[in-house]
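Take a look at the structure below.
The values are calculated or read from the model by the stated rules, or taken from the named source; none is laboratory data. Just so you know, these numbers come straight off a predicted model, no measurement behind them. Here the Cβ is made from the backbone with ideal geometry for all residues, glycine too, and neighbour counts use every protein chain on show.
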């Protein structure tokens, strides 16, 4: 039987991966803003739906069996120890906008950055809350997540 601290560790691991993802995505989106003037520049983004699907599947596995199982996909490879690789993908909508309306292209990138920052802050706050609960109940008496 699994103990409560393992449940906390599962949730903490999931939140850390979400935070890591949002930090990497911020870097990709920031490059889209700073590098768009380069010849033949192709805007990129991280595969949001693919990452969200991997996290949804991990949460489902956690609920079902109280363990996390991260499965690789086309652009995401998970490794032991909590690390993962993720490849940026071309952003066709942004590329079309860049070719037709630079102002709207920049607005889109800023909108994506804002949304990404909100996701990062939510995950960081949930992590802070999770860690404070863990420190209040260090012997595994925290309520089940």
Subset tally (residues that are under 23 Å from residue 18 (Cβ atoms) and outside any strand (DSSP E or B)) for segment 62-112:
28
Could you tell me whether segment 12-21 includes any residue that is farther than 22 Å from residue 133 by Cβ, modelled with pLDDT of 95 or more and either assigned to a helix (DSSP H, G or I) or within 19 Å of the chain's Cα centre (by Cα) (or both)?
yes
Restricting segment 31-58 to residues that are touching a helix residue (DSSP H, G or I) at 6+ places or on another chain (Cβ under 7 Å) and in a helix (DSSP H, G or I), which is surrounded by the fewest Cβ atoms within 10 Å (Cβ to Cβ)?
33
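Regarding residue 45, is this residue touching a strand residue (DSSP E or B) at 6+ places or on another chain (Cβ under 8 Å), modelled with pLDDT of 95 or more and more than 30 Å from residue 98 (Cα to Cα)?
Working: touching a strand residue (DSSP E or B) at 6+ places or on another chain (Cβ under 8 Å): yes; modelled with pLDDT of 95 or more: yes; more than 30 Å from residue 98 (Cα to Cα): no.
No.
State yes or no: is residue 83 modelled with pLDDT of 95 or more and surrounded by fewer than 18 Cβ atoms within 10 Å (Cβ to Cβ)? Walk me through it before giving the result.
Values: modelled with pLDDT of 95 or more: no; surrounded by fewer than 18 Cβ atoms within 10 Å (Cβ to Cβ): yes.
Considered against the rule, which asks whether it is modelled with pLDDT of 95 or more and surrounded by fewer than 18 Cβ atoms within 10 Å (Cβ to Cβ), residue 83 comes out as no.
Can you confirm whether residue 86 is in contact (Cβ under 8 Å) with a residue 12 or more places away in the chain and more than 29 Å from residue 58 (Cβ to Cβ)? Before the answer, list the steps.
Numbers: in contact (Cβ under 8 Å) with a residue 12 or more places away in the chain: yes; more than 29 Å from residue 58 (Cβ to Cβ): no.
Considered against the rule, which asks whether it is in contact (Cβ under 8 Å) with a residue 12 or more places away in the chain and more than 29 Å from residue 58 (Cβ to Cβ), residue 86 comes out as no.
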